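Asks: Before anything else, here's the structure in question.
The values are calculated or read from the model by the stated rules, or taken from the named source; none is laboratory data. This structure is a prediction, so every number in the text was calculated from the model and none was measured. Cβ coordinates were reconstructed from backbone atoms using ideal geometry, including for glycine residues, and neighbour counts include every protein chain displayed.
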Amino acid sequence: MIEHLAIIMDGNGRWATKRGLARSAGHRAGAENIRRVVDAARAQGIKYLTVYAFSTENWKRPAPEVAALMALIVEFTGSMLADMMKNNVRLRTIGRTGDLPLPARTALLKAIEKTKDNTGFTLNIALSYGGRAEIVDAVGRILRERSGDCKITEAEFAKYLYAPDIPDPELIIRAGGEFRLSNFLMWESSYSEIYVTDTLWPDFDENTLRAALDFYAGRDRRFGNVK
């Protein structure tokens, strides 16, 4: 059984280009698909879903595309709020979300506050997120908060990550066919199984999820031990 599933939501732009649409249409279709995948994950008994929505590197994209993505965060968060409350879903974010423009931060904080007591499922959105940045930020916090002897265990270090209360993902799915983590959950993914599908994110559906879960079920997870 998977408790925490993480997904790299790749392929929005290619999905739009194949249809002769603007890239923004692909991002909108991708955002709408989060709603469907949340429902599919809940139905499979998964407790946490982390989706890679906007990386620290994505700030390098053309300004109009970034602006459209930031506006989409506001729209998506508002439209999802009623569903999250109805379905007992808690919203979380990880990343350097202080870098987001004020309207996006405000919308996210409102939804996070509204859903903070929901216990059925956690949707964790990685925004302005980078795995290396997360580790750097953790080290910065340690240096600020710990004095004297700075010897630290892996378990103690993990407490300084963005979401220390969320378990490491058992499975990471990458949509869109690329075979790389793209700076996603670099610490947390050390023992995650990785499943790559050619399906572009807006087309990722319940059947695609089930294929990934079937793959996971067939894995022999030894964590360095011999069985």
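Asks: Limited to segment 76-97, what total is found for residues that are loosely packed, with under 14 Cβ neighbours inside 10 Å and either without any contact (Cβ under 8 Å) to a residue 24 or more places away in the chain or out of contact with any strand residue (DSSP E or B) (no Cβ under 8 Å at 6 or more places or on another chain) (or both)?
Replies: 5
Asks: Which one of these does Thr93 not meet: (1) modelled with pLDDT under 95; (2) in contact with a Leu (Cβ under 6 Å, 6 or more places away or on another chain)?
Replies: The number of the failed condition is (1).
Asks: Same structure, new question: Every residue in segment 45-75 that is closer than 16 Å to Ala29 by Cα and either part of a strand (DSSP E or B) or within 15 Å of the chain's Cα centre (by Cα) (or both), please.
Replies: Val51, Tyr52, Ala53, Phe54, Ile73
Asks: Also, I was wondering about something else. Looking at (1) closer than 18 Å to Ala53 by Cβ; (2) among the β-branched types (Val, Ile, Thr); (3) part of a loop (DSSP other than H, G, I, E, B), find the lone condition where Thr122 falls short.
Replies: (3)
Asks: List every residue pair whose Cβ atoms sit under 7 Å apart, with the two residues 6 or more apart in sequence or on different chains, where the first one lies in segment 183-199 and is in contact (Cβ under 8 Å) with a residue 40 or more places away in the chain and the second, anywhere, is aromatic (Phe, Trp, Tyr).
Replies: Correct list of pairs: Phe184/Tyr52.
Asks: Is it fair to say Asp117 is touching a residue at least 40 places away in the same chain (Cβ under 8 Å), surrounded by fewer than 20 Cβ atoms within 10 Å (Cβ to Cβ) and of a type outside the set (S, T, N, Q)?
Replies: Spelling it out, it is not the case that Asp117 is touching a residue at least 40 places away in the same chain (Cβ under 8 Å), surrounded by fewer than 20 Cβ atoms within 10 Å (Cβ to Cβ) and of a type outside the set (S, T, N, Q).
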